[in-house]
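Presented below is the structure to which this report refers.
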Amino acid sequence: MEQTIKISVLNELMSSSTQSKYRISSKDGHRGVPDGGEGYQGEYNERFEFYRHPDMPENVFLQITYQSDSYGDNESIYEMKLVKGREKTITVYEPIN
């Protein structure tokens, strides 16, 4: 199945002036640097942000991956890619009252 995304839509998603209105969620990734401390050389913290524009194909999102340095500071964009959303069922076990 072929899907098309207009370049103008991608530009709007990646523009710092309009990007925030399309942000739908954020999720932490790899946590190699402890809070308030220094990590080992080459370690990093990672965060994912997901964006959805109404003119994009259904269930397609822009994912921006941010990584910090080994001190947990200086976060910068590591990767941008288009991803497909997928529902996932999670079972939670709770005490019976």
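Observations on the model:
- Any hit, segment 45-57, residues being touching a residue at least 40 places away in the same chain (Cβ under 8 Å) and hydrophobic (A, V, I, L, M, F, W, C): yes
- Condition met for Asn74 (surrounded by fewer than 14 Cβ atoms within 10 Å (Cβ to Cβ) and not in a loop (DSSP other than H, G, I, E, B)): no
- When Ile90 is tested against (1) within 27 Å of Gly32 (Cβ to Cβ); (2) surrounded by 10 or more Cβ atoms within 10 Å (Cβ to Cβ), only condition (2) is not met.
- Selection within segment 55-97: residues that are of a type in the set (Asp, Glu) and within 16 Å of the chain's Cα centre (by Cα). The member of this set that is farthest from Ile5 (Cα to Cα) is Glu75.
- Among the residues of segment 1-25, those identified as touching a residue at least 24 places away in the same chain (Cβ under 8 Å) and either β-branched (Val, Ile, Thr) or closer than 9 Å to Tyr51 by Cα (or both) are Thr4, Ile5, Val9, Leu13, Gln19, Tyr22, Arg23, Ile24, Ser25.
- Within segment 1-30, considering residues that are within 16 Å of Glu58 (Cα to Cα) and surrounded by fewer than 10 Cβ atoms within 10 Å (Cβ to Cβ), the one modelled with the highest pLDDT: Thr4
- Being part of a loop (DSSP other than H, G, I, E, B), surrounded by 11 or more Cβ atoms within 10 Å (Cβ to Cβ) and out of contact with any helix residue (DSSP H, G or I) (no Cβ under 6 Å at 6 or more places or on another chain) is true of Pro34.
- Ser26 being under 29 Å from Lys6 (Cα atoms), of a type in the set (S, T, N, Q) and either assigned to a strand (DSSP E or B) or out of contact with any strand residue (DSSP E or B) (no Cβ under 7 Å at 6 or more places or on another chain) (or both): yes
The values are calculated or read from the model by the stated rules, or taken from the named source; none is laboratory data. Everything numeric here is computed off the predicted structure, so don't read it as measured data. A quick note on method: Cβ atoms are made from the backbone with ideal geometry, for glycine too, and the neighbour counts reach across all protein chains shown.
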